[in-house]
Amino acid sequence: MAGPRNILITGGTSGIGLALVDRLSKRHRVLVTGRKISPALEAMIVQRPDLDFLALDQSQPEKITKTLTSYLEKKKWDQIHNAVLNAGTGFVGDPVHETSDKIAQTIAVNLMANIELSHCLFPYLQKTKGKLTFVGSTARKGAKNFSSYAASKAGLHGFARALKEEWRNKVAVQILHPGPTKTDMHEKAGLKLGMIRHLFASPEAVAHMIENSMGRNRFSTKMTSFQYWGGNHLLGRGLR
Amino acid sequence: MSARPSKRALVTGGAMGLGKALSANLAAQGWQVTIIDRDATKIVEKDQLHSIKCDLSDPVAVDRLIEELINQDPFDSVIHNAAVSATGRFETIPVQKYHQLMQLNVTTPMIISSRLAAAGRLNRGAHLVFLSSLSHFTGYPGAAVYSASKDAIAVYAKSIRKPFAKIGVTVSCVFPGPMKTQQAERHSPTNADAEKRMQPETAAALILKSVFANRKTILPGANAKAFAALGKVMPIVTDFAMRKIIYEKLDKDVY
């Protein structure tokens, strides 16, 4: 498809989400959601007229549909070409002592909110035969001190895998799995990193790979530094 | 003969189907079994079977339940068997059902496990058992959120295996195929052949044998093993097959 698209990006206030917003909002109409707006995103919105922010708290998934649909109506978006469900949270720690609140929040934000969003966005995406892109994680195969995070991302992969078959010829579904990335997620999660952080991919590199994957027909792709150095970002033409 | 104090087991969703078979098997081996179910009235209380009524899809009720369990003696076995499914087209099932499903199938077993462990209510040598599904290996169009929940719980079980080993608890995860239970009947296409499905009693015996042999991945029966192997080697083929065999034959939404 040529010409500007309507694109929704969740969790676009920092990290990979913000880097992706920066790439895509140069050519497309982008709606960003997040818990609260960040100064970096605010500065970007001032410069780009087709970029918009909606506060959406994914720790309360039940409220998402109502907030989002009424905003889309106000914005006069009755169709969406691409949705990138990128928002996520996580807590590092021994699972024996993980609190109920942390478990419930991880499952709500990373898994249930994305299920609710998929349910809500289906009619908008169907109109354009659009594409739904989930951002998973390489932790989906299991991580001992990141257990509920790993569980939530594994659930997201299983959900995407089933949905891809169900929505065949209606809406394309894919899930992309970034590896460790230089974002503030690890510090927020309570993890102190040393030299190893230098091996992590930058959010810009991951956003580059995400954009290219959105333009291709791969269902699931890993996106780590190794993939980037191997030239993953050079494949595909990006999102026209 | 002076008996050793019996071992204590906790089985969720033990009123029907596989949970009932697991509880009966354990009781027959001399275990004291506490069954948690929302239909506790269906459980015939005997010397070794006790029931607590609780809706495990309600976080407030689960919190109360955990307080009650923490005040009891510790357990030697905890089996997270309770689960619901939702089959049909993803977009036509009310999203509220998915919230309940995810709470019951994922969040509740995770919370019960960590709270009991942190409170020292799992004895050294105890077994913690999660019930996933064969769909973990095959994909399951027609039950997108159910398969998401079963993938999440499988990877949770895998992730906590080493940390829980440090407190002497063995974690197992079971991946059963379709069984001859009321629940499977309800969620299958109308003309599906039920004869090939495994009896819950057979599955329960196979599962418990593997649990006590400290197996981490349990695939009860030869069909489950074969299908899981196929799913691992040829995921695209099994996804396609599941769509043809199940999704395109589903004639109703069941939730």
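Here are a few things to note about the model shown:
- Sole exception among (1) out of contact with any strand residue (DSSP E or B) (no Cβ under 9 Å at 6 or more places or on another chain); (2) more than 21 Å from A:ARG161 (Cα to Cα); (3) modelled with pLDDT of 95 or more for B:LEU122, by number: (1)
- Considering the stretch B:134-156, the residues that are assigned to a helix (DSSP H, G or I), touching a Lys or Arg at 6+ places or on another chain (Cβ under 8 Å) and in contact (Cβ under 8 Å) with a residue 12 or more places away in the chain include one that is farthest from the other protein chains (Cβ to nearest Cβ), namely B:PHE137.
- Of all residues making up the stretch A:190-230, the number that are at pLDDT 90 or above, among the charged types (D, E, K, R) and either in a helix (DSSP H, G or I) or more than 22 Å from A:ALA154 (Cβ to Cβ) (or both): 2
- Inspection of the stretch A:43-58 identifies no residue that is in a helix (DSSP H, G or I), among the acidic types (Asp, Glu) and within 20 Å of the chain's Cα centre (by Cα).
- Count - residues of the stretch B:60-96 that are under 23 Å from B:GLN183 (Cα atoms) and outside any loop (DSSP other than H, G, I, E, B): 10
- Residue match in the stretch A:118-136 (condition: within 13 Å of chain B (Cβ to nearest Cβ) and touching a His at 6+ places or on another chain (Cβ under 6 Å)): yes
- Inspection of the stretch A:167-175 identifies at least one residue that is within 11 Å of another protein chain (Cβ to nearest Cβ), surrounded by fewer than 21 Cβ atoms within 10 Å (Cβ to Cβ) and touching a Pro at 6+ places or on another chain (Cβ under 9 Å).
- Here B:VAL211 passes the criteria (1) β-branched (Val, Ile, Thr); (2) within 14 Å of chain A (Cβ to nearest Cβ); (3) in contact (Cβ under 8 Å) with a residue 40 or more places away in the chain except the one numbered (2).
- Candidate set from the stretch B:93-114 (those that are among the β-branched types (Val, Ile, Thr) and at the interface with chain A (Cβ under 8 Å from one of its Cβ atoms)); member that is surrounded by the fewest Cβ atoms within 10 Å (Cβ to Cβ): B:VAL95
- Candidates in the stretch B:157-168 are the residues that are over 13 Å from the mean Cα position of the chain (by Cα) and crowded, with 24+ Cβ neighbours inside 10 Å; of these, the one that is farthest from B:VAL95 (Cα to Cα) is B:PHE164.
- Check on A:ARG168, without any contact (Cβ under 8 Å) to a residue 24 or more places away in the chain, under 21 Å from B:PRO235 (Cα atoms), charged (D, E, K, R) and out of contact with any helix residue (DSSP H, G or I) (no Cβ under 9 Å at 6 or more places or on another chain): no
- So A:ALA113, is it buried (at least 24 other Cβ atoms within 10 Å of the Cβ), assigned to a helix (DSSP H, G or I) and not aromatic (Phe, Trp, Tyr): yes
- Of all the residues in the stretch B:183-204, those that are surrounded by 15 or more Cβ atoms within 10 Å (Cβ to Cβ) and either within 14 Å of B:ALA24 (Cα to Cα) or of a type in the set (Phe, Trp, Tyr) (or both) number 4.
- Some residue of the stretch B:178-186 being within 14 Å of chain A (Cβ to nearest Cβ) and either hydrophobic (A, V, I, L, M, F, W, C) or touching a Ser or Thr at 6+ places or on another chain (Cβ under 9 Å) (or both): no
- Some residue of the stretch A:71-92 being within 22 Å of B:MET102 (Cβ to Cβ) and either facing chain B (nearest Cβ under 7 Å) or surrounded by fewer than 19 Cβ atoms within 10 Å (Cβ to Cβ) (or both): no
- Among the residues making up the stretch B:157-167, those that are more than 10 Å from A:ALA154 (Cβ to Cβ) and either among the hydroxyl-bearing types (Ser, Thr, Tyr) or assigned to a loop (DSSP other than H, G, I, E, B) (or both) are B:LYS166, B:ILE167.
The values are calculated or read from the model by the stated rules, or taken from the named source; none is laboratory data. Predicted model, so just to flag it, every value in this text is computed and none were measured. Using ideal geometry, Cβ is built from the backbone for each residue, glycine included, and neighbour counts are taken over all protein chains shown.
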